[in-house]
Amino acid sequence: MNAMTEANLKSAFGGESMAHMRYLHWADLAEKEGFPGVARLFRAVARAEWIHAGNHFRVLKDRVGDAAVTAGGGFGYQSTSQALQGGIDGETFEIEQMYPVYKQVAEFQGETAAVRSFHYALETEKVHKALYEEAKAAVDQGKDISFG
């Protein structure tokens, strides 16, 4: 595996792992603020981020050893609305900057498993962003969301 794609997979693993934990914490916040539907959304997206992290991790299965992983993440949000905006911002970064570049590098380097992992994550993040935007619009009007 090429070093740049390996580094990108490790970075994506770190970012998705942190998003998983952050969204679980934000689910608790939404629950406490009386938004059980938003809490369920955060938990569902947290599970998806866990899956993304696992996919990236599995692509790295032949890379043995420790690695320092640095990833950005939102901290300090005090309300469900702020947390949703943090989620929107994080998903937007992944959609517009991170995953397109990681995918392009992996394509150039012929790393098909990494391309697939990055592609699936990118397409899913688009759905997460749309759901968070819908939820934020509701929360900003004092309403919860409901899924059929």
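Tabulated data for the structure shown
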| item | result |
| --- | --- |
| Selected residue (only one of Ile88, Ile95 is touching a residue at least 24 places away in the same chain (Cβ under 8 Å), crowded, with 16+ Cβ neighbours inside 10 Å and in contact with a Phe, Trp or Tyr (Cβ under 6 Å, 6 or more places away or on another chain)) | Ile88 |
| Failed condition for Thr70, given (1) in a helix (DSSP H, G or I); (2) within 16 Å of the chain's Cα centre (by Cα); (3) over 19 Å from Ala137 (Cβ atoms); (4) in contact (Cβ under 8 Å) with a residue 12 or more places away in the chain | (1) |
| Qualifying residues in the stretch 98-134 (those that are under 15 Å from Ala44 (Cβ atoms) and aliphatic (A, V, I, L, M)) - the one surrounded by the most Cβ atoms within 10 Å (Cβ to Cβ) | Leu131 |
| Scope the stretch 127-148; condition touching a residue at least 24 places away in the same chain (Cβ under 8 Å) and among the basic types (Lys, Arg); matching residues | Lys129, Lys136 |
| From Ala135, Ala113, residue being within 18 Å of the chain's Cα centre (by Cα) and at pLDDT 95 or above | Ala135 |
| Candidate set from the stretch 58-74 (those that are among the small types (Gly, Ala, Ser) and surrounded by 12 or more Cβ atoms within 10 Å (Cβ to Cβ)); member that is farthest from Met4 (Cα to Cα) | Gly74 |
| Tally of residues being in contact (Cβ under 8 Å) with a residue 60 or more places away in the chain and under 19 Å from Glu133 (Cα atoms) across the stretch 1-29 | 4 |
| Subset of the stretch 27-63 that is aromatic (Phe, Trp, Tyr) and farther than 19 Å from Gln141 by Cβ - its residue that is modelled with the highest pLDDT | Trp50 |
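The values are calculated or read from the model by the stated rules, or taken from the named source; none is laboratory data. For clarity, every value in this text was computed on a predicted model and none was experimentally measured. Cβ atoms come from the backbone with ideal geometry, glycine included; neighbour counts cover every protein chain shown.
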